[in-house]
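First comes the structure, then the notes that go with it.
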Amino acid sequence: MMAFSRGLVDSMIDSIINLHAGHLQISADGYYQDPSTNLYLTRPQQEQAQTQLSMLKTKKGKTRVAHSAPIVSVQGMVSSSETSLGVMIHGVQPDQERQVTEIADRIVEGKYLNSGQNVVIGKRLADQLKVEVSDKIVLITNSLNGEINSGAFRVGGIYRVGSSDFEKSFVYLTITEVQQLAGYQDQQITAISVQLSNDKYLAEVVQELRKNLPADGGYGTASWKDQNPIGKTYEESMSMSSGIIIGITFVAVALGLLNIFLMVIYERIHEFGVMMANGVRPSKIRQMLVLEGLFLGLIGTACGTVISVAVIGHFAYHGLDLSAFSEGLSTFGVGSVIKFTLSLTDFLTVIICVQGVALLSALYPAIKASRFKVVDAINFE
Amino acid sequence: MAIVNVEQLVKVYEGKKMVSVRALDGVDLIVTAGEFTAIAGPSGSGKTTLLNTIGGIDTPTSGFVSVDGQNLSQLNGNKLADFRLHNIGFIFQAYNLIPVLTAAENVEFIMLMQGIDNVERQRRIVEELSDFGIDQEMMKRRPAELSGGQQQRVAIARATVARPKLILADEPTANLDSQTGSHLLDKMKEMNQKRGITFIFSTHDPMVMERASRLVRLQDGKIISDETRS
C-alpha cells in the first residue's frame with residue numbers, strides 16, 4: 001500500500017517536474033507569484049544565475065544541478081477558426097529544454113520545435129481548437145509595452161502527457177518567437193528552469209540560490225512546491241493519509257495478533273500451571289511467551305517481506321494499469337500506469353513496526369499467563 | 001525433624017452467589033522427614049486442598065505452612081517457584097505431562113531449570129526412567145503415545161529426578177489398574193526408604209493406605225484421626 005501510495009505521489013511529482021519547468025526556476029523577484037506581471041531577467045542577471053548554478057553543480061563529488069534552460073513564459077490566447085482559449089505560452093531553447101522537461105519525448109503527431117514559425121500544442125487543446133499538424137492558429141498576448149500582439153503559427157507538433165489540464169494550457173514555441181511576440185529583447189527571459197539530479201537536493205539548492213541570488217538583487221527562486229502549491233499539498237496530504245491508513249492497518253494487525261496470542265494462552269493454561277507447579281518461574285513463562293511473539297513476528301515479517309518484494313518488484317517494473325481511472329488521475333497530473341516505489345528506509349520502518357506490534361501484542365497475554373494461580377491453571381479445562 | 005509444619009490451616013473457597021466452601025477448617029499437621037504418609041478421606045474432605053497448600057500452589061485463607069523450615073507465605077511468585085523446583089515434587093492423578101515434549105524431555109526440563117549439566121541430566125534420565133520400566137525407545141515417545149501406566153511412571157520419574165525432599169502425590173493410582181498401581185507404589189516406597197524422600201499422598205486407594213507408615217483421615221476439612229504404623 002505504501003509502495004502504491006509513494007508511486008502515485010512520485011508519478012504526480014515527476015509529472016510536475018518533468019513536464020512543467022524542472023525542479024526549480026530562477027526568475028525575477030515577484031514573477032512566480034504573479035506571472036502576469038512583465039518581469040524578466042536581464043543578461044547580467046542570467047549570467048550571475050548561471051555562475052551560481054555552476055558553483056552548485058556538484059558537492060562532495062555528487063552532481064546536484066543536472067541541467068538548466070532559459071524560458072520566456074507569457075499568458076495569452078490561442079485562436080483557431082473554431083474557438084479561442086486562454087493558454088500559457090512557453091518560449092524555449094529546444095535543445096536545452098529537452099534536458100529539463102519531457103515535452104520533446106511526448107510528441108504524438110508531427111515534430112518537436114525546430115526553427116520556423118511552428119508551435120507545439122497539447123492533444124486536448126488541438127481537439128478543442130479542432131486543428132491538426134500543419135493547421136494555422138493565432139497566438140495573442142500582451143507585450144511588455146502594453147500593446148496586444150498577435151502572430152500566426154502552424155501547428156508543428158502535438159504532444160500528449162496524460163493530463164488534460166496540462167494539454168489544454170501550455171503551448172510551446174522557440175524562445176525567439178515568443179520574445180518577438182511579447183516584445184522582449186533577445187537578452188530578456190522570464191526564468192531559468194533547472195533540473196536537479198535528485199529531488200532530495202531541492203531544499204539545499206533552493207536555500208543556497210536564495211542566499212546567493214537574493215530578492216534585493218532582483219531574483220526570485222521558486223521550487224516546484226512553491227509554484228505548484230496544490231501539488232505540494234497533495235504530496236503532504238497523501239503522506240498523511242497514507243500514514244493514517246498504515247496506522248489503522250497496524251492497529252488491526254495488533255488486535256488480530258492479540259486475539260491469536262490470547263487463544264494460544266487459553267489453550268495452554270493447564271500446561272503453564274503444570275510448569276509452574278514444577279518450579280518454572282512466572283517470569284520465565286512471561287519471557288517464553290514474549291519470545292514466541294517475537295519469533296512469530298520474525299516469521300511473519302520474513303514471509304511478508306518475500307511476498308511484498310515480489311509484488312512491489314513486479315509493479316515497480318511493469319506498473320499498475322489504472323486506465324479505467326485515467327480521466328480522474330489526469331486531473332492530478334498522474335499517468336494511468338502507476339509504478340510502485342518504496343525506499344529502503346520505508347521498508348525497514350515497516351519491518352521494525354511489525355516486529356514492535358508483534359512484541360506488544362504478545363506482552364499483555366504473557367503478563368496475564370504469568371499471573372495465573374497455579375492451582376487454577378492446573379485445574380483449567 | 002519436621003519437614004512439613006501446618007498450623008491452624010484454613011482454606012475457604014468463595015463460590016458463586018456468595019456461597020463459600022470451607023475446604024480446610026483449622027488443620028494442624030506435622031510431617032517428619034522420611035515419612036510415607038497417606039491422607040485419606042471421602043471426596044470433598046479437603047485432601048487435595050491440603051496437599052496443594054503444602055506444596056505452595058494454592059494459598060491458604062489463614063494459618064501457617066512451612067516446608068523444610070521455610071514459611072511459604074514469605075515467598076513471592078518467583079521465589080516460591082524456585083523453592084518448589086529444588087524441594088518439592090508433584091505427582092498428579094491425571095499425570096499432567098507436557099504433551100509436546102517426549103518422555104525424556106518431560107523428565108529433563110526440571111533438571112534444566114535446576115542448572116544441572118547435560119552429562120548428569122542424560123545419566124539421570126536414563127537411570128530414573130529405566131528404574132520405572134521405561135526403555136530407550138519409549139523415552140522418545142510423546143505422552144499421547146504412552147499408556148496411562150507408562151505416563152504415570154514418567155510423571156513419577158519427573159518428580160523424583162530432581163531429588164526433592166518432599167513429594168506430594170494427589171491420588172496417583174486413581175487412573176491405574178491395580179497391578180500397575182501396586183508396582184508403582186512399591187517403587188515409591190523403595191525411593192522413600194533408599195533416598196529418604198518424604199511422601200505425602202492424598203488417596204482413597206487401600207493399596208496406598210496399606211503401605212503408608214502414617215494414616216491421617218480428613219473429614220469436612222478437619223483431621224479426625226492420625227495413626228502411625230510401624
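The values are calculated or read from the model by the stated rules, or taken from the named source; none is laboratory data. Computed from a prediction, not measured in an experiment: that's the story for all the values here. All Cβ positions, even for glycine, are placed from backbone atoms using ideal geometry, and neighbour counts span all protein chains on display.
One residue stands out in the range B:106-136 among those that are acidic (Asp, Glu) and in contact with a Leu (Cβ under 9 Å, 6 or more places away or on another chain): the one that is surrounded by the most Cβ atoms within 10 Å (Cβ to Cβ), namely B:Glu108. Applying the criterion of being within 11 Å of chain A (Cβ to nearest Cβ) and part of a loop (DSSP other than H, G, I, E, B) to the residues of the range B:53-92, the residue that is farthest from B:Glu7 (Cα to Cα) is B:Phe92.
Conditions (1) at pLDDT below 90; (2) surrounded by 14 or more Cβ atoms within 10 Å (Cβ to Cβ), marked per residue:
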| residue | (1), (2) |
| --- | --- |
| B:Asp170 | no, yes |
| B:Ala174 | yes, yes |
| B:Asp186 | no, no |
| B:Lys189 | no, yes |
| B:Gln193 | no, no |
| B:Ile200 | no, yes |
| B:Val216 | no, yes |
| B:Ile223 | no, yes |
| B:Asp226 | no, yes |
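Filtering the range A:49-74 to residues that are β-branched (Val, Ile, Thr) and part of a strand (DSSP E or B) leaves A:Thr58, A:Thr63, A:Val65, A:Ile71, A:Val72, A:Val74.
Residue-by-condition table, conditions (1) within 27 Å of B:Leu146 (Cα to Cα); (2) of a type outside the set (Ser, Thr, Tyr):
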| site | (1), (2) |
| --- | --- |
| B:Leu168 | yes, yes |
| B:Ala174 | yes, yes |
| B:Met188 | yes, yes |
| B:Asn192 | yes, yes |
| B:Thr198 | no, no |
| B:His204 | yes, yes |
| B:Glu210 | no, yes |
| B:Val216 | no, yes |
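Scan the range A:147-160 and give yes if some residue there is in a loop (DSSP other than H, G, I, E, B), surrounded by fewer than 14 Cβ atoms within 10 Å (Cβ to Cβ) and either over 26 Å from the mean Cα position of the chain (by Cα) or among the aromatic types (Phe, Trp, Tyr) (or both), otherwise no. Looking through the range A:147-160, at least one residue is in a loop (DSSP other than H, G, I, E, B), surrounded by fewer than 14 Cβ atoms within 10 Å (Cβ to Cβ) and either over 26 Å from the mean Cα position of the chain (by Cα) or among the aromatic types (Phe, Trp, Tyr) (or both). When we screen A:Phe315, A:Phe340, A:Phe295 for residues that are assigned to a helix (DSSP H, G or I), among the hydrophobic types (A, V, I, L, M, F, W, C) and either touching a Pro at 6+ places or on another chain (Cβ under 6 Å) or within 30 Å of A:Gly231 (Cβ to Cβ) (or both), the only hit is A:Phe315.
When the residues of the range A:275-299 are filtered to those that are more than 14 Å from chain B (Cβ to nearest Cβ) and crowded, with 17+ Cβ neighbours inside 10 Å, the one that is nearest to A:Phe372 (Cα to Cα) is A:Leu289.
B:Met139 meets each of the listed conditions (1) out of contact with any Ser or Thr (no Cβ under 9 Å at 6 or more places or on another chain); (2) of a type in the set (A, V, I, L, M); (3) more than 14 Å from chain A (Cβ to nearest Cβ); (4) crowded, with 18+ Cβ neighbours inside 10 Å apart from (1).
For (1) free of Cβ contacts under 8 Å to residues at least 24 places away in the same chain; (2) not aliphatic (A, V, I, L, M), each residue gets a yes or a no:
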site	(1), (2)
A:Glu47	yes, yes
A:Leu56	no, no
A:Arg64	no, yes
A:Ser68	no, yes
A:Gly76	no, yes
A:Val92	no, no
A:Ala104	yes, no
A:Val120	no, no
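If you filter the range B:93-104 down to residues that are more than 7 Å from every other protein chain (Cβ to nearest Cβ) and modelled with pLDDT of 90 or more, you find that the one that is surrounded by the most Cβ atoms within 10 Å (Cβ to Cβ) is B:Ala103.
When we screen B:Lys194, B:Lys189 for residues that are within 18 Å of B:Ala38 (Cβ to Cβ), away from chain A (no Cβ under 14 Å) and basic (Lys, Arg), the only hit is B:Lys189. Scanning the range B:123-140 for residues that are out of contact with any helix residue (DSSP H, G or I) (no Cβ under 6 Å at 6 or more places or on another chain) and either closer than 20 Å to B:Val67 by Cα or basic (Lys, Arg) (or both) yields B:Arg123, B:Lys140.
In summary, strands (runs of 3 or more DSSP E) completely within the range B:179-230 and bearing 1 or more residues that are β-branched (Val, Ile, Thr) and over 18 Å from B:Leu168 (Cα atoms) occur at B:222-228. Checked against (1) touching a Lys or Arg at 6+ places or on another chain (Cβ under 8 Å); (2) exposed (fewer than 15 other Cβ atoms within 10 Å of the Cβ); (3) within 14 Å of another protein chain (Cβ to nearest Cβ), A:Ser370 passes all but a single condition, namely (2). When you check A:Glu97 against the structure, is it modelled with pLDDT of 90 or more, closer than 22 Å to A:Ser11 by Cα and crowded, with 20+ Cβ neighbours inside 10 Å, yes or no? Taking the combined requirement at face value, the residue does not satisfy it. Right, A:Ile352: modelled with pLDDT of 85 or more, of a type in the set (A, V, I, L, M, F, W, C), assigned to a helix (DSSP H, G or I) and touching a helix residue (DSSP H, G or I) at 6+ places or on another chain (Cβ under 8 Å) or not? When the stated conditions are applied, A:Ile352 does not pass them.
Given the condition within 14 Å of another protein chain (Cβ to nearest Cβ) and β-branched (Val, Ile, Thr), answer yes or no: does some residue in the range A:211-222 qualify? Checked the range A:211-222: no residue is within 14 Å of another protein chain (Cβ to nearest Cβ) and β-branched (Val, Ile, Thr). Every test in (1) more than 9 Å from chain A (Cβ to nearest Cβ); (2) under 19 Å from A:His270 (Cα atoms); (3) modelled with pLDDT under 95; (4) not in a loop (DSSP other than H, G, I, E, B) is passed by B:Thr160 save one, and that test is (2).
Residues checked against (1) without any contact (Cβ under 8 Å) to a residue 60 or more places away in the chain; (2) crowded, with 20+ Cβ neighbours inside 10 Å; (3) not acidic (Asp, Glu):
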position: B:Gly15; (1), (2), (3): yes, no, yes
position: B:Leu29; (1), (2), (3): no, yes, yes
position: B:Gly46; (1), (2), (3): no, yes, yes
position: B:Thr53; (1), (2), (3): yes, yes, yes
position: B:Leu75; (1), (2), (3): yes, no, yes
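Among A:Ala254, A:Ala302, which is the only one that is touching a Ser or Thr at 6+ places or on another chain (Cβ under 7 Å) and more than 14 Å from chain B (Cβ to nearest Cβ)? That would be A:Ala254, the only listed residue that is touching a Ser or Thr at 6+ places or on another chain (Cβ under 7 Å) and more than 14 Å from chain B (Cβ to nearest Cβ). When the range A:257-274 is limited to residues that are out of contact with any helix residue (DSSP H, G or I) (no Cβ under 7 Å at 6 or more places or on another chain) and assigned to a helix (DSSP H, G or I), the one that is nearest to the other protein chains (Cβ to nearest Cβ) turns out to be A:Glu271. Among the residues making up the range A:336-365, those that are of a type in the set (Gly, Ala, Ser) and either within 14 Å of another protein chain (Cβ to nearest Cβ) or surrounded by fewer than 18 Cβ atoms within 10 Å (Cβ to Cβ) (or both) are A:Ser343, A:Gly356.
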